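Each remark here refers to the structure printed beneath this line.
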Amino acid sequence: QEQLVESGGGLVQAGGSLRLSCSASGRTFPSYAMGWFRRAPGKEREFVATISMSAYNIYYADSVKGRFTISRDDSKNTMYLQMNNLKPEDTAVYFCGRAQSTDWVRRGLGSWGQGTQVTVFS
């Protein structure tokens, strides 16, 4: 089974930036769509962004459009989420995942990592 591991979370002031990384083992990484979900305290997990195989299709939740950028480097089996202009409402545990399509990722299907904490203070 391919393992997904998130990193890059931390504590940041509102308006600041963080870059999350998601690394995977195995050689199947390039064949998957990838993406990010997040879970805020007391909330259900929600979709953040997804990127297709070869990065041809990218989708963002309305709440992060213009602030977050998703990318992938298949040669390194790594996906990134660049988060700019962070807001307190972005505080959550961020999970990376992969599935057979961006539609599946947006539905929360597939395989997911353990998450990394992002905390934004004002």
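Summary of values
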| quantity | calculated |
| --- | --- |
| Region 13-82, dipole about Cα centre (Lys/Arg Cβ +1, Asp/Glu Cβ -1), debye to the nearest 20 | 140 debye |
| For peptides 67-74, 93-100, sequence by mean Cβ density within 10 Å, most packed first | 93-100, 67-74 |
| Relative packing of peptides 75-86, 7-18 - highest average C-beta neighbours within 10 Å first | 75-86, 7-18 |
| Normalised contact order of the chain, rounded percent, pairs of Cα under 8 Å and 6 or more residues apart | 36 percent |
| Efficiency of FRET from Cβ geometry, Gln100 and Ala40, R₀ 25 Å, rounded to 0.05 | 0.40 |
| Percent accessible area from carbon and sulfur atoms, the chain, protein chains only, probe 1.4 Å | 46 percent |
| Accessible area in square angstrom per residue, the chain, 1.4 angstrom probe | 52 Å² |
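The values are calculated or read from the model by the stated rules, or taken from the named source; none is laboratory data. Predicted, not measured: the structure shown is a model, and the values here were computed from it. Here Cβ is always computed from backbone atoms with ideal geometry, including for glycine, and neighbour counts include all displayed protein chains. For accessibility, only protein heavy atoms count, side chains too; no ligands or nucleic acids. Shrake-Rupley method; radii C 1.70, N 1.55, O 1.52, S 1.80 Å.
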